[in-house]
Amino acid sequence: MLRLKRVYEPPAPEDGLRILVDRLWPRGLRKTKAGVDLWPKEIAPTAELRRWFGHDPKKWGEFRSRYEAELRQNSAAIEALSDRIHGKSATLLYAAADTEHNNAVVLRDVLGETSRRR
């Protein structure tokens, strides 16, 4: 099972493998408190895409398309992450305040498509 959770929320046993999916470490959060098991920065949106999006919900559709394109170009990293979480509980952690318009939502969907092709 793949969950999404803000990294600022405390770790819970049901989180399973806790994967930070942002390129930058979350502000004001100690690594010991975050409980992050894996931080694959290479699957996070590029700095350019992140700055362009600026968490503007009006840009969500275009952000999603651009980020999916970046992920397709990085298919080896996606496959490796998919293999690592296959059959396990895992939680994608993100720092954004918007729970509906963030890169973890897109990544969850892409990972879901990857696992369905197996």
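The values are calculated or read from the model by the stated rules, or taken from the named source; none is laboratory data. What you see is a predicted model; the values in this text were computed from it and never measured. Every residue, glycine as well, gets a Cβ built from its backbone with ideal geometry; the counts of neighbours run over all protein chains shown. SASA here: full protein model, heavy atoms, side chains in, ligands and nucleic acids out. Shrake-Rupley method; radii C 1.70, N 1.55, O 1.52, S 1.80 Å.
Please give the per residue accessible area of the chain, computed with a probe of 1.4 Å over protein heavy atoms only, in Å².
Using a 1.4 Å probe on heavy atoms only, each residue of the chain averages 58 Å².
Residue 89's amide H: which non-local residues (gap 5+, or another chain) put their own amide H closer than 5 Å, with H modeled 1.01 Å from N in plane and none for Pro or chain starts?
17
With a Förster radius of 35 Å, plug the Cβ-Cβ distance of residue 62 and residue 31 into 1/(1 + (r/R0)^6) and report the FRET value to the nearest 0.05.
Computed FRET efficiency for residue 62 and residue 31 comes out at 0.60.
When a/c reaches 1.5 or more, the comparison of a/b and b/c decides; with that in mind, is region 46-92 rounded, prolate or oblate per its Cα gyration tensor?
In terms of gyration-tensor shape, prolate.
Just the accessible area for residue 41, please: 1.4 Å probe, Å², rounded to the nearest 10?
90
Let me check I've understood the local charge: for residue 35, count other residues with C-beta under 13 angstrom from its C-beta, Lys and Arg +1, Asp and Glu -1. What total comes out?
Here the count lands on +2.
Just the projected area, averaged over all directions, of the convex hull on the alpha carbon atoms of the chain: how many nm²?
Orientation-averaged projected area of the Cα hull: 6.9 nm².
Just tell me which lysines come within less than 29 Å, Cα to Cα, of residue 33; anything on the same chain fewer than 8 places away is out.
Candidates past the 8-residue exclusion: 5, 41, 88.
Please list the non-local residues whose amide H lies under 5 Å from the amide H of residue 4, H modeled 1.01 Å from N, same-chain partners needing a gap of 5 or more.
92
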